[in-house]
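Visitor: Structure provided below as structure tokens; questions to follow.
The values are calculated or read from the model by the stated rules, or taken from the named source; none is laboratory data. Given the structure is predicted, the values throughout are model-derived calculations rather than measurements. Methodologically, a virtual Cβ is constructed for each residue, glycine included, from the backbone with ideal geometry; neighbour enumeration extends over all protein chains shown. Only protein heavy atoms, including side chains, enter the accessible area calculation; ligands, DNA and RNA are left aside. Shrake-Rupley method; radii C 1.70, N 1.55, O 1.52, S 1.80 Å.
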Amino acid sequence: WGLLLLAAALGVTAAARCPAPCVCDNLRAHVLCLNGSLTAIPDTIPELTRKLDLRGNSFMVIPAGAFLATPYLTHLDLQHCKVERLEEGAFRGLGRLVHLNLASNGIALLYQESLDGLFSLQQLILEGNRIEEIQPGAFGHLASLTVLDLRANALVYLPDMIFQGLQVLRWLRLSHNALHVLGTEAFAALPALRRLSLDHNELQALPGEALARLDGATRLDLGHNPITYVAEEALAMASLRHLFLDHASLQDVAPDAFARSPQLRILDLRENQLQGLPPLAGAGGLVRVSLDGNPLLCSCLLRPFHKWLARARVQAEGACAAPPALRGRSLNSLKSPEMRCSRLRPPPSPTAPPEQPSSAGSRQCPRGCVCSPDVHHGSCENRNLQEIPRDFPEDTRLLDLRRNRFRTVPPDAFPGLKELVSLHLQRCSIRELQPGALRGLESLVYLYLTDNHLSTLAAAAFEGVPQLAYLDLDHNAFTRVPAGTFRLLPNLISLHLQHNTIGELLEGDLAGARGLRWLYLAGNAIRHIAPAALAPTKTLEKLQLEGNHLSEVPTAALQGLPALSELKLSRNPIKHMGDGVFLPVASSLQHLYLDNMGLERISPHAFTGLGPKIRSLYLESNKMSNIPDMRNFTGLEILNLQDVPFHCDCQLLPLHRWINKLNLCVGATCGSPAEAQGLKVKLSTTFQTCPGWGQGEAGETNPNKTKAASKSTKKKRLGKSPARGFSKSRA
């Protein structure tokens, strides 16, 4: 504040340097550049800016030192900016930043130095990206972070010590990923953590050993995971008070499952498959157990649990599903004599899955490479190697071999690495993956083959890697999808084939990819997608086809994709959209990208079926002069209509009224008639001569008010509204 006052006293104002098309609030040192067409961070943002909002632009990459000119920033918002990569040192110089929002971008990987320099950061929001992997040390510089939000990404595995350096972190949000493997030391470096959200993942067993490191955590969310059984003393969390295991697949809970969590107060077991529970020995502090939505069998088998509830004074929520005489009765209303057995046999209890033996690596590190035993990380990056080195420690989990010259990967190239989870082979001049090349890598989840010279792949190359979930083949030489390659990959979730030269997608190309969720095909030359090409991928959630040669929406190929929530068709030469082109995915689609296509006409019924579920719609940089009625798009959070030459006549009046009711910045501008050219659709006065003008939303019934508002708006555009300290650059 002292610097701001000094600047004001010297007559240095942010208005003089406010970049187009931004808005600057000088009094509060805020700069807003919302939903624009910026492709690079402006270098003329006032130096004393404290809050910078860049939502809705198109940066793709945040380069090193991007914010060195604004060292006083405390809040930075980069949501919905299409960011795919954070270069090492991207945020250096932002030592005062406390809040960084990178939600809803396309970031796939966090490198060690991606977040370097943010030593004052308290909140980091990375929700809704496609982060597949976090490299060890990525959070090592964030000593002040209290909230880390990694929801809705593509994480499958958390290695040991991955959160090292987060000494004061209090809430870690990992919901809505695909986690099914957690290192036993994954949470070992989080002494201040109080809340951990792991709901909506793919955990098949309660990760007790990893959770035991969280002595201070008081709330644990594990709902919506396919956990079937909670074993004896499975949870040893000394401070835990609230445990959520709702909407899982629980069939049984051991009597002393929570005996080592003595502070547990609330246990939520709603919507599972439990027919009953045993008395929960050791859970002496329990106050409430929620069992609603379970098929409770209120027979004599439930009496011990019922008596324990009364004795321990625990409130139970739930109702009987059987026998018929007690169906619908609440547990609290039952009396022991009512719970009878007549030739009923207890269902067999599932047994806990056997623990897998762990092997410690005894081999030394290959010459010229670096091995870090504390994080099980091996690296031979950029060593000019021509052959893949061997004899890495057997417990290596991440192996970085980028920027070498291997040319080929021979059979059995990685012997003894049964615990390897992540393998990096980017930029290695690889032309061939020979059959059996990855054999023995039975724990491999991530395989990166970006920026090589691969043009074909044999299915046998993936023999022995049944856990592979992420396969990155971007920037290679494929002219078609390597058909049949995915038959040996039953757990494949994410497939990257961006920036190749694939010309079409044929039936059978994706055979075997039945679990695929995310398919990235941007930057190819795809002209045609066969109607059955995507049929094997019934669980597909994201389909990215931007930057191809499609001339129409591939409606027929979208049939049978009931989970598709994101469709990107940007930068395809689609000139016309007919009726009902999105009907096959209308019930699930949430994010639709139709920008930069040269789109000239959208049929009035093109969006039939779409409605409240749509959260973001991108239509910027097209050539149509009108758009269909979208009044039922009530869930919109983002609508981009910039650089569309709307014809602001009476036919556009419904759009004008609808936009005025939206609490969104949409950027719609009149391209014609001449008297309205360049005006915002919201502000154009050409609609005042239309039949029905003045009927509808409040504020349009009084022409004098409209003229006054128009004058006020004009003044603001000219920078003559000093009362609130705003100035807008004149483009």
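Visitor: Confirm whether Leu267 is of a type outside the set (Ser, Thr, Tyr), within 17 Å of Glu317 (Cβ to Cβ), part of a loop (DSSP other than H, G, I, E, B) and open to solvent by less than 10 Å² (accessible area, probe 1.4 Å).
Guide: Numbers: of a type outside the set (Ser, Thr, Tyr): yes; within 17 Å of Glu317 (Cβ to Cβ): yes; part of a loop (DSSP other than H, G, I, E, B): no; open to solvent by less than 10 Å² (accessible area, probe 1.4 Å): yes.
No.
Visitor: When the stretch 46-64 is examined, which residues are found to be more than 21 Å from Leu617 (Cβ to Cβ), assigned to a loop (DSSP other than H, G, I, E, B) and open to solvent by less than 30 Å² (accessible area, probe 1.4 Å)? I'd like the intermediate steps shown before the answer.
Guide: So in the stretch 46-64, the residues more than 21 Å from Leu617 (Cβ to Cβ) come out as 46-52, 61-64.
When the remaining residues are screened for being assigned to a loop (DSSP other than H, G, I, E, B), the result is 46-50, 63-64.
Of everything in the stretch 46-64, those that are more than 21 Å from Leu617 (Cβ to Cβ), assigned to a loop (DSSP other than H, G, I, E, B) and open to solvent by less than 30 Å² (accessible area, probe 1.4 Å) turn out to be Pro46, Thr49.
Visitor: State which residue pairs qualify: first residue under 14 Å from Ala674 (Cβ atoms) and open to solvent by less than 50 Å² (accessible area, probe 1.4 Å) and inside the stretch 644-659, second residue assigned to a helix (DSSP H, G or I) and among the β-branched types (Val, Ile, Thr) in any location, beta carbons under 6 Å apart, and separation of 6 or more residues or different chains.
Guide: Pairs found: Cys648/Thr686.
Visitor: Return yes or no: is His247 open to solvent by 30 Å² or more (accessible area, probe 1.4 Å) and within 21 Å of His180 (Cα to Cα)? Lay out the reasoning, then the answer.
Guide: Details: open to solvent by 30 Å² or more (accessible area, probe 1.4 Å): yes; within 21 Å of His180 (Cα to Cα): yes.
The answer is yes for His247.
Visitor: For the stretch 432-441, enumerate the residues that are on the phi < 0 side of the Ramachandran plot and either without any contact (Cβ under 8 Å) to a residue 24 or more places away in the chain or in a loop (DSSP other than H, G, I, E, B) (or both).
Guide: So the first thing to find is which residues in the stretch 432-441 are on the phi < 0 side of the Ramachandran plot, and the list is 432-435, 437-439, 441.
Answer for the stretch 432-441, where residues must be on the phi < 0 side of the Ramachandran plot and either without any contact (Cβ under 8 Å) to a residue 24 or more places away in the chain or in a loop (DSSP other than H, G, I, E, B) (or both): Gln434, Pro435, Ala437, Leu438, Arg439, Leu441.
Visitor: Six or more apart or on different chains, Cβ atoms under 8 Å: show the pairs whose first residue is in the stretch 271-295 and closer than 16 Å to Val314 by Cβ and whose second is open to solvent by less than 60 Å² (accessible area, probe 1.4 Å) and hydroxyl-bearing (Ser, Thr, Tyr).
Guide: Filtered contacts from the stretch 271-295: Ala283/Ser261.
Visitor: Let me ask something else about it. Name, by its number, the condition in (1) open to solvent by less than 50 Å² (accessible area, probe 1.4 Å); (2) at pLDDT 95 or above; (3) not in a strand (DSSP E or B) that does not hold for Pro628.
Guide: That leaves (2) as the condition not met.
Visitor: Considering (1) in contact with a Gly (Cβ under 6 Å, 6 or more places away or on another chain); (2) within 24 Å of Val156 (Cβ to Cβ), say which one Pro411 fails and leave the rest.
Guide: (2) is the only condition that Pro411 fails.
Visitor: Also, I was wondering about something else. For the stretch 361-372, state whether one or more residues are at pLDDT below 90, touching a strand residue (DSSP E or B) at 6+ places or on another chain (Cβ under 6 Å) and buried (at least 17 other Cβ atoms within 10 Å of the Cβ).
Guide: Yes.
Visitor: Is there a residue being touching a strand residue (DSSP E or B) at 6+ places or on another chain (Cβ under 8 Å) and open to solvent by 10 Å² or more (accessible area, probe 1.4 Å) anywhere in the stretch 229-236? Write out each step before concluding.
Guide: Our first condition is that a residue be touching a strand residue (DSSP E or B) at 6+ places or on another chain (Cβ under 8 Å); within the stretch 229-236, this holds for 229-230, 235.
From the residues that got through so far, the ones that are open to solvent by 10 Å² or more (accessible area, probe 1.4 Å) too are 229.
Taking every residue of the stretch 229-236 in turn, at least one turns out to be touching a strand residue (DSSP E or B) at 6+ places or on another chain (Cβ under 8 Å) and open to solvent by 10 Å² or more (accessible area, probe 1.4 Å).
Visitor: Same structure again: So which of Glu387, Glu394 is modelled with pLDDT of 90 or more, farther than 22 Å from Leu454 by Cβ and open to solvent by 20 Å² or more (accessible area, probe 1.4 Å)?
Guide: Numbers: Glu387 fails: farther than 22 Å from Leu454 by Cβ.
Selected residue: Glu394, the only one of Glu387, Glu394 that is modelled with pLDDT of 90 or more, farther than 22 Å from Leu454 by Cβ and open to solvent by 20 Å² or more (accessible area, probe 1.4 Å).
Visitor: Oh, and also: Can you name the residue in the stretch 190-221 that is part of a loop (DSSP other than H, G, I, E, B) and open to solvent by less than 10 Å² (accessible area, probe 1.4 Å) and, of all such residues, is nearest to Ala236 (Cα to Cα)?
Guide: Start the filter on the stretch 190-221 by keeping residues that are part of a loop (DSSP other than H, G, I, E, B), which leaves 190-194, 198-207, 212-218.
Keeping just the survivors that are open to solvent by less than 10 Å² (accessible area, probe 1.4 Å) gives 190, 193, 198, 201, 203, 214, 217.
Working: Leu190: 16, Leu193: 15, Leu198: 17, Asn201: 21, Leu203: 18, Leu214: 9, Ala217: 11 Å.
Among them, the one singled out is Leu214.
Visitor: Something else now. Go through the residues of the stretch 648-668 one by one and say whether even a single one is in a loop (DSSP other than H, G, I, E, B), aliphatic (A, V, I, L, M) and touching a helix residue (DSSP H, G or I) at 6+ places or on another chain (Cβ under 8 Å). Show your work before the answer.
Guide: So in the stretch 648-668, the residues in a loop (DSSP other than H, G, I, E, B) come out as 648-649, 662-668.
From what is left, the residues that are aliphatic (A, V, I, L, M) are 662, 664, 666, 668.
Of the ones still in play, those that are also touching a helix residue (DSSP H, G or I) at 6+ places or on another chain (Cβ under 8 Å) are 666, 668.
Yes, that holds for at least one residue.
Visitor: Does the stretch 399-418 contain any residue that is open to solvent by 10 Å² or more (accessible area, probe 1.4 Å), touching a residue at least 60 places away in the same chain (Cβ under 8 Å) and not hydrophobic (A, V, I, L, M, F, W, C)?
Guide: Taking every residue of the stretch 399-418 in turn, none turns out to be open to solvent by 10 Å² or more (accessible area, probe 1.4 Å), touching a residue at least 60 places away in the same chain (Cβ under 8 Å) and not hydrophobic (A, V, I, L, M, F, W, C).
Visitor: Does any residue of the stretch 529-539 turn out to be more than 25 Å from the chain's Cα centre (by Cα), open to solvent by less than 10 Å² (accessible area, probe 1.4 Å) and in contact (Cβ under 8 Å) with a residue 12 or more places away in the chain? Quick ask: steps written out before the conclusion?
Guide: Kept after step one, since they are more than 25 Å from the chain's Cα centre (by Cα), are these residues of the stretch 529-539: 529-533.
Now restrict to residues that are open to solvent by less than 10 Å² (accessible area, probe 1.4 Å): 533.
Among the residues that remain, those that are also in contact (Cβ under 8 Å) with a residue 12 or more places away in the chain are: 533.
Yes: one or more hits.
Visitor: So, His424, is that one in contact with a Phe, Trp or Tyr (Cβ under 8 Å, 6 or more places away or on another chain), crowded, with 23+ Cβ neighbours inside 10 Å and either of a type outside the set (Gly, Ala, Ser) or free of Cβ contacts under 8 Å to residues at least 60 places away in the same chain (or both) or not?
Guide: Details: in contact with a Phe, Trp or Tyr (Cβ under 8 Å, 6 or more places away or on another chain): yes; crowded, with 23+ Cβ neighbours inside 10 Å: yes; either of a type outside the set (Gly, Ala, Ser) or free of Cβ contacts under 8 Å to residues at least 60 places away in the same chain (or both): yes.
Spelling it out, His424 is indeed in contact with a Phe, Trp or Tyr (Cβ under 8 Å, 6 or more places away or on another chain), crowded, with 23+ Cβ neighbours inside 10 Å and either of a type outside the set (Gly, Ala, Ser) or free of Cβ contacts under 8 Å to residues at least 60 places away in the same chain (or both).
Visitor: Could we say that Glu546 is within 19 Å of Leu639 (Cβ to Cβ), acidic (Asp, Glu) and open to solvent by 10 Å² or more (accessible area, probe 1.4 Å) here? Steps first, please.
Guide: Numbers: within 19 Å of Leu639 (Cβ to Cβ): yes; acidic (Asp, Glu): yes; open to solvent by 10 Å² or more (accessible area, probe 1.4 Å): yes.
Criteria met by Glu546.
Visitor: Looking at the stretch 182-191, can you tell me whether even one residue there is more than 23 Å from the chain's Cα centre (by Cα) and of a type in the set (Gly, Ala, Ser)?
Guide: Yes, the stretch 182-191 contains at least one residue that is more than 23 Å from the chain's Cα centre (by Cα) and of a type in the set (Gly, Ala, Ser).
Visitor: Do we find that Arg303 is open to solvent by 10 Å² or more (accessible area, probe 1.4 Å), at pLDDT 90 or above and under 35 Å from the mean Cα position of the chain (by Cα) in this structure?
Guide: Values: open to solvent by 10 Å² or more (accessible area, probe 1.4 Å): yes; at pLDDT 90 or above: yes; under 35 Å from the mean Cα position of the chain (by Cα): no.
Against the criterion (open to solvent by 10 Å² or more (accessible area, probe 1.4 Å), at pLDDT 90 or above and under 35 Å from the mean Cα position of the chain (by Cα)), Arg303 does not qualify.
Visitor: Related question: Within the stretch 499-517, take every residue that is open to solvent by less than 10 Å² (accessible area, probe 1.4 Å) and hydrophobic (A, V, I, L, M, F, W, C) and give me the one that is farthest from Leu561 (Cα to Cα).
Guide: Result: Ile502.
Visitor: For the stretch 439-498, enumerate the residues that are open to solvent by 10 Å² or more (accessible area, probe 1.4 Å), β-branched (Val, Ile, Thr) and over 24 Å from the mean Cα position of the chain (by Cα).
Guide: Thr456, Thr479
Visitor: Considering only residues that are part of a loop (DSSP other than H, G, I, E, B) and touching an Asp or Glu at 6+ places or on another chain (Cβ under 7 Å), which ones fall in the stretch 156-187? Please lay out each step first, then the result.
Guide: Initially, the stretch 156-187 is screened for residues part of a loop (DSSP other than H, G, I, E, B), giving 156, 159-170, 174-180, 183-187.
Within the stretch 156-187, Asp160, Met161, Ser175, Ala178, Leu179, His180, Gly183, Thr184, Glu185, Ala186 meet the criteria.
Visitor: If you take the residues of the stretch 1-38 that are small (Gly, Ala, Ser) and part of a loop (DSSP other than H, G, I, E, B), which of them is modelled with the lowest pLDDT? First the steps, then the outcome.
Guide: Filtering the stretch 1-38 for residues small (Gly, Ala, Ser) gives 2, 7-9, 11, 14-16, 20, 29, 36-37.
Of the ones still in play, those that are also part of a loop (DSSP other than H, G, I, E, B) are 11, 20, 29, 36-37.
On the way: Gly11: 37, Ala20: 79, Ala29: 92, Gly36: 73, Ser37: 76.
Among residues in the stretch 1-38 that are small (Gly, Ala, Ser) and part of a loop (DSSP other than H, G, I, E, B), the one modelled with the lowest pLDDT is Gly11.
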